[in-house]
1. For the protein assembly as shown, with equal point scatterers placed on the C-alpha atoms only and solvent neglected, what are the log10 I(q)/I(0) values from the Debye formula at q = 0.10 1/Å, to two decimals?
2. Could you give each residue of region A:169-174 its phi-based ³J(HN,Hα) in whole Hz, using Karplus coefficients 6.51, -1.76, 1.60 with θ = phi - 60°, and x for Gly or Pro?
3. Work out which residues of region A:94-115 lose at minimum 50 square angstrom of accessible surface when the other protein chains are put back, relative to the chain isolated, with a 1.4 angstrom probe, and list them by number.
4. Averaging the inverse of every distinct alpha carbon separation and then flipping it gives the Kirkwood radius. What is it for region A:1-58, in angstrom units?
5. Against the longest principal axis of chain B, how steep is helix B:145-157, in degrees 0 to 90 to the nearest 10, with axes from Cα atoms?
6. Provide the gained length on full extension for the span C:Tyr276 to C:Leu150, in nm with one decimal, where the gain is 0.36 nm per separating residue minus the Cα-Cα distance.
7. Relative to the isolated chain, which residues of region C:231-250 have their accessible area cut by 50 Å² or more in the presence of all protein chains (1.4 Å probe, heavy atoms, no ligands or nucleic acids)?
8. Could you compute how much accessible area chains A and C hide from each other, both sides summed, with a 1.4 Å probe? Nearest 100 Å² is fine.
Amino acid sequence: MKRQKTPMVLKIKQVITIIIVGLIVIWFLTPLVLITISAFASPSDYYQIDKVIPTHFTLSQFKSLFFELEAWKAILTSIKVAVVTMLLSFVIGLPAGYALSRYIFPGKNFLKLLILATRMFPLMILAIPLLIIFMRMGVSDSIWGTSLAHTAMVLPMIILISSSILSGVSVDYEEAAMIFGLSRIQAFFKITLPLALPGLAASAIFAFIISWNEVFVATILTLTNRTLPAHILKTAMASPDYFKFTGGFIMAIPAMVFIFFVRRHLVTMWGISLK
Amino acid sequence: MKEREGKIRLVKVKLKGLKKYFGKVKAVDDISLEINPGEFVVLLGPSGCGKTTLLRCVSGLEVVTTGKVFFDEDDVTYLSPKDRNISMVFQNYAIWPHMTVNNNIGFPLRIKRYSQKEIEKRVNWAAELLGIDNLLDRYPVQLSGGQRQRVAVARAIVMEPKVLLMDEPLSNLDALLRVRMRAEIRKLQENLKVTTIYVTHDQVEAMTMGNRIAVLNQGILQQFGSSEEIYHNPVNTFVAGFIGSPQMNFIEVEIVSQGKELFLKTKGLEVSLLDKYKDKVSKLSGKRKYILGVRPEHIYVSGRAQTDKVAATKGKVYFAELLRSDTVLHLEKEFGFLVVKAPGDLKIKEGKEIEILVDLLRIHLFDKDTGKAIF
Amino acid sequence: MISFSLREKNWIPYLLFLPVLIYLAGFIGYPLLKALQLAFSSEEGKFGLENFITLTQDSTFWKALKNTLYLLITIVPLQVILAFLLALFVNSRFKGYMTVLYIISIPLALSDVSAALMSYNIFTSHGFLNKFLMKFGFIENPIYFFGLGLSSRAFWVIVLTELWRATPLVFVILLASLQMISKDYFEAADVFGFSKWQKFFHITLPLTMPSLQSALLIRTLFAFQIFGVVWLLSGRDIPILAGEVYYQQAELNNFRLAATYGFIIALICIIISWVYITLLRTKHLEMER
Ligand SMILES: Nc1ncnc2c1ncn2[C@@H]1O[C@H](COP(=O)(O)OP(=O)(O)OP(=O)(O)O)[C@@H](O)[C@H]1O
Ligand SMILES: [Mg+2]
């Protein structure tokens with residue numbers, strides 16, 4: 001008779017699982033580990049052809065990147081731009097996400113499609129017209145201009161993700177609150193929002209990350225107030241290789257940290273939103 | 001389809017010391033049962049008592065903590081569900097959302113390589129039986145709760161399983177449909193003669209459908225027997241109280257002997273014991289506390305008794321529920337309320353004192369501490 | 001199901017959408033129209049197809065189109081299959097699967113610039129791969145992956161980098177849909193005698209199909225915008241459509257041609273979406289009451 005699980009089969013299964021996990025970890029982590037090593041490696045080790053793993057480490061690339069090339073300024077700009085983007089996209093996008101999650105109305109699918117459609121264009125071609133608009137508004141070459149452009153890029157994602165997260169909070173709770181005397185708006189702020197907060201915070205972080213990562217619109221829109229990626233693209237790319245690695249490493253740090261904080265919500269965030 | 005083809009043997013289902021713990025929760029606690037080939041057994045018990053869990057252990061969806069499950073002499077405890085040749089109606093239906101009703105019912109047959117013609121025949125037969133033949137092309141999202149449930153039942157009965165498991169398959173149907181379905185399922189089972197385990201918490205369903213009933217409470221098997229046994233000879237206060245509506249009266253009493261006679265006595269009621277009970281009672285210790293149990297339908301309003309072996313007492317009507325078919329009287333007594341089920345044509349005003357007669361043949365006595373029945 | 005059953009003023013959802021619509025109209029719609037106008041205007045500002053004619057006569061355009069399609073048909077299927085396998089694996093919920101989920105997700109938040117630099121770090125002539133192979137005597141001289149005439153090597157480096165960088169997004173989408181399949185459906189399948197494969201083909205696959213399709217669509221659309229990695233690793237040695245937009249705009253300041261390239265990308269994307277949406281429909285979701 002067939003047994004459901006014999007110890008032998010279980011053991012083989014375990015070994016296979018471990019092997020697959022090992023392969024996954026190697027595949028996904030190797031590039032990260034290697035760039036970390038290269039970011040700190042001394043240039044002479046890098047150019048020594050028979051030295052696979054460098055033995056001398058230095059902070060000199062960081063120093064010159066930060067101070068001589070003034071990356072610290074760019075980092076500050078990047079953070080400001082990302083925060084403004086995050087707030088702006090939430091204030092504007094959350095109501096729409098709520099509408100998508102809670103109402104059925106004529107044109108809903110059309111609006112959803114319209115929002116998705118904005119992702120079909122290479123957003124780079126917007127840069128020049130945007131530059132003209134910002135010059136008229138008097139916000140060209142400022143954190144505001146970049147933030148406004150980034151918000152336009154992030155908005156569709158924020159709307160879809162927040163609607164998926166709000167859909168995860170059952171309408172029943174909200175309706176129950178309304179039966180017990182809260183208004184629709186009170187019910188949202190007292191019941192739904194607290195329940196959805198962790199997920200929404202995670203998507204806010206994503207808005208931050210997208211803005212932090214964006215290079216090309218930022219490059220075109222600014223001259224002096226460059227964000228970090230734009231700055232690195234313009235300076236480090238014209239520098240020796242080891243500067244590039246240090247730059248790449250610095251840009252990757254927030255990504256790794258933030259993903260760690262939002263890892264529980266990754267799946268909910270992307271899950272339903274893309275239906 | 002009417003008669004089961006002879007080649008499929010009926011199986012006996014045997015559970016031996018079955019336990020299923022979820023951490024500290026003892027969902028099923030040491031249950032042993034033997035179900036005869038072709039028998040219809042009902043699992044009955046309050047919500048959360050472990051009925052579903054027990055069924056899932058039999059189906060193999062749940063891996064038992066300890067104990068064994070046998071189909072005939074085969075130990076199937078660790079056999080995966082698909083190899084057990086069973087079918088099941090799930091409490092939450094679990095009909096597949098991406099298949100039409102037609103496919104939901106027919107797909108398991110396709111898996112078992114039935115011919116297309118046979119599948120069609122069976123699906124139509126089951127759909128007609130359950131009154132869902134007009135819904136065959138719909139998807140589950142387009143069905144009401146009761147309709148989904150009927151699809152789940154249809155899916156289970158088109159198979160030719162060794163064992164048929166049903167978890168509250170009628171819970172979501174309206175009263176009329178439920179009564180009809182009860183009869184249909186019973187008739188179907190009699191025709192197919194498939195060994196069936198049927199879960200319900202509706203005692204009327206249990207009483208009318210099962211060859212035998214297993215009463216569960218808190219994961220423990222309380223009593224396993226025919227509806228008659230369970231109704232007339234409950235083994236403990238739980239079974240006695242759970243079966244029957246309105247609930248059995250429980251009255252704390254003392255045992256008193258006067259000469260050759262034995263009495264069960266409390267303030268406001270004195271019941272003499274018939275000879276057949278005396279043996280059992282005389283051996284008991286006088287120090288312990290006892291509970292007299294008597295069903296409301298075994299207390300008669302004066303003048304309506306069918307027997308003269310009764311104990312008379314009086315009580316004031318506190319409240320009368322007029323159900324028209326019956327009248328349920330709540331009488332105020334020294335020991336609390338006494339519930340009496342009287343005929344519906346009785347005209348009694350609340351506040352009036354009436355005489356009632358307790359049927360001496362139909363009384364039960366329980367040990368108060370253990371709850372076990374003495375008789 | 002998800003909507004309020006209460007009767008309410010039906011302009012509320014539109015009101016909630018208004019800020020978004022205004023914002024998008026201002027900062028995407030209007031610039032887009034401007035870009036469109038650019039694409040259809042000649043050097044002197046007259047309306048016409050001049051730019052399109054210029055493009056089709058340029059061999060770079062055809063190369064870019066070809067390369068973009070090559071990248072698309074190499075990367076997208078591999079990515080979706082890989083992501084699906086990963087999602088199935090993680091969904092089996094072995095001990096420590098959360099950590100694996102985290103590790104797989106890291107590239108999700110990396111910019112394409114970072115990713116390209118990481119790849120460059122490995123494959124450049126002084127990179128880890130070459131040093132490693134030389135150290136252990138597999139090769140005498142470094143293998144050059146980047147540079148003129150090496151575009152087929154660079155192509156595969158780009159494919160690898162994109163697989164590394166963008167598979168996690170598909171993975172997360174698919175994992176989410178796997179996790180949403182109720183356990184009950186598999187239990188019912190168990191009871192009714194489905195084998196492992198039958199469960200996969202008749203329950204898992206059809207129920208993840210909508211997500212699989214949207215993942216496929218999204219990846220296809222994004223593939224037309226792959227740019228950062230290609231640009232940093234091979235410059236214009238491997239011309240691609242999105243890269244030409246940047247080149248025309250940022251390096252040559254030829255806004256009209258940049259807009260024309262952009263318009264063509266958008267056109268292809270619209271056609272593909274339309275084909276996807278009309279061809280692939282999931283009945284059991286659509287007919288919801
Ligand atoms: N997966 C589980 N994990 C932990 N506890 C569980 C699990 N499944 C059931 N239980 C617990 O086991 C007990 C028995 O549950 P079961 O579902 O068998 O009850 P039931 O008799 O079917 O009830 P109902 O009539 O309400 O369906 C309950 O106390 C329940 O909380
Ligand atoms: Mg149950």
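The values are calculated or read from the model by the stated rules, or taken from the named source; none is laboratory data. As the structure is a prediction and not an experimental result, all values here were calculated from the model. Heads up, the Cβs are rebuilt from the backbone with ideal geometry, glycines too, and the neighbour counts pull from every protein chain shown. Each accessible area value is taken on the protein alone, full model and side chains, heavy atoms only, with ligands, DNA and RNA left out. Shrake-Rupley method; radii C 1.70, N 1.55, O 1.52, S 1.80 Å.
1. -1.18
2. Rounded to whole hertz, the list is 8, 4, 4, 3, 4, 5.
3. Buried-area filter returns A:Tyr103, A:Leu111.
4. Over region A:1-58, the inverse of the mean reciprocal pair distance is 14.7 Å.
5. 70
6. Net length gain for the segment: 41.8 nm.
7. Those are C:Tyr246, C:Gln249, which lose 50 Å² or more relative to the chain on its own.
8. Interface between A and C: roughly 8800 Å².
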